[in-house]
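The values are calculated or read from the model by the stated rules, or taken from the named source; none is laboratory data. Everything quoted here is computed from the prediction, not taken from an experiment. Cβ placement follows ideal geometry from the backbone for every residue including glycine, while neighbour counts extend to all protein chains displayed.
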Amino acid sequence: MQEKHLLGLEHYPAEDIVSIIDTAFSFREVLDRPIKKVPSLQGKTIVNLFFENSTRTRISFELAQKRLSADTVNFSASSSSLKKGESFKDTVQNIEAMKIDAVVMRHPDPGASLHLTKYVDAVVINAGDGTHEHPTQAILDMTSLQERFGKVKGLRIGIIGDIAHSRVARSNIYGLKKLGADVMLCGPTTLIPHHIDSFDVRVTHDLDEVLDWADAVNVLRIQLERMDRGFFPSVREYRNLFGITSERLKKHKKEIVIMHPGPMNRGVEIDSSVADGKEAIILDQVLNGVASRMAILYLLLGGKPENN
């Protein structure tokens, strides 16, 4: 790997992304075995440092670490000495003094993972930093696309929903473009970033246009907690204009792969009939999340090859 850390995909080498995806498929085979564990990171210690609530990402990382036989320590800010006034710097330096090898961190502030690298020598993996990036989610999404289509290059991928506040959208845009996919964004004007021109992607506010064009769409969660900020008038209006429904998909008379990073608001951005339908690969994304995070940890920590 050319990079020591995985902080984001904006400046991450395309070759490293491809290496992670290729390695993830090797670990998918491990996850299909009766005994789903290999000794690749035996003796390594990894801290999961989560300053925000998380279910899927945290469990996925913890499971990936255990499947690789690493020692795992979970840190929750809500029950830590941070509540007693200890600084972020002191917290992480005390953790590293315990001789850890890697930190997986989620934090509400953009750039927090980069900040962490100034205080620790361990490998740092960004599990989401504010509205900045969520690189491991994008990698598992690209792994899922590779699995479904046999390629990423040349695919037409729509990203639908709250682009402005989505770290998933940003990392997907960077990663997909690096691997040669075409990207189109779709959402209300209020949820498209003002600086969208810097992303060099197509933008539409017409859901039917992106569905006509795309091979696959990644449907983002609408964060209902933003409703009181006036980003769109009502849930009903959002669903009517941007919700992925069976009726809407049938109009296009084509096969479109449906993705969602979770958690889903069923009946808002996506209907249950779509989320549970044959074109949805949402549960494949979950499994690929474990495999791709195993690959990331293995490659960044210099894991030992498995003895077959």
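Brief remarks follow.
- In region 176-222, the qualifying residues are those that are among the charged types (D, E, K, R) and under 19 Å from the mean Cα position of the chain (by Cα), and the one that is farthest from Gly243 (Cα to Cα) is Lys178.
- Residue in region 74-86 that is within 26 Å of Pro261 (Cα to Cα) and under 17 Å from the mean Cα position of the chain (by Cα) present: no
- Filter pass, Lys177 being in contact with a Leu (Cβ under 8 Å, 6 or more places away or on another chain), assigned by TED's automatic domain parsing to the domain that holds Arg239 and of a type in the set (Lys, Arg): no
- Looking across region 183-223, just one residue is touching a His at 6+ places or on another chain (Cβ under 8 Å) and free of Cβ contacts under 8 Å to residues at least 24 places away in the same chain, and that is Thr189.
- Filter result (surrounded by fewer than 24 Cβ atoms within 10 Å (Cβ to Cβ) and either in contact with a Phe, Trp or Tyr (Cβ under 9 Å, 6 or more places away or on another chain) or without any contact (Cβ under 8 Å) to a residue 12 or more places away in the chain (or both)) within region 132-161: Gln146, Glu147, Gly150, Lys151, Leu155, Arg156
- Selected residue [under 14 Å from the mean Cα position of the chain (by Cα) and farther than 30 Å from Leu241 by Cβ] from Ile95, Ile139: Ile139
- Criterion violated by Asp228 - all others in (1) at pLDDT below 95; (2) over 25 Å from the mean Cα position of the chain (by Cα); (3) of a type in the set (D, E, K, R); (4) surrounded by 13 or more Cβ atoms within 10 Å (Cβ to Cβ) satisfied: (4)
- Tally, over region 191-202, of residues that are assigned to a helix (DSSP H, G or I) and in contact with a helix residue (DSSP H, G or I) (Cβ under 9 Å, 6 or more places away or on another chain): 2
- Yes/no for Ile258 being under 20 Å from the mean Cα position of the chain (by Cα) and either in a loop (DSSP other than H, G, I, E, B) or farther than 18 Å from Ile222 by Cβ (or both): no
- Test: Asp200 is over 30 Å from Ser26 (Cβ atoms) and not polar (S, T, N, Q): yes
- Qualifying residue in region 238-255 (condition: within 21 Å of Ser272 (Cβ to Cβ), of a type in the set (Asp, Glu), exposed (fewer than 15 other Cβ atoms within 10 Å of the Cβ) and touching a residue at least 12 places away in the same chain (Cβ under 8 Å)): yes
- Meets criteria (surrounded by fewer than 17 Cβ atoms within 10 Å (Cβ to Cβ) and in contact with a helix residue (DSSP H, G or I) (Cβ under 9 Å, 6 or more places away or on another chain)) for Lys37: yes
- Selection from region 50-72 of residues that are of a type outside the set (Val, Ile, Thr) and without any contact (Cβ under 8 Å) to a residue 60 or more places away in the chain: Asn53, Glu62, Lys66, Ser69, Asp71
- Counting residues in region 14-27 that are touching a Gly at 6+ places or on another chain (Cβ under 7 Å) and not in a loop (DSSP other than H, G, I, E, B) gives one or more.
- Residue that is surrounded by 16 or more Cβ atoms within 10 Å (Cβ to Cβ) and more than 21 Å from Asn172 (Cα to Cα), where the choices are Glu62, Glu29: Glu62
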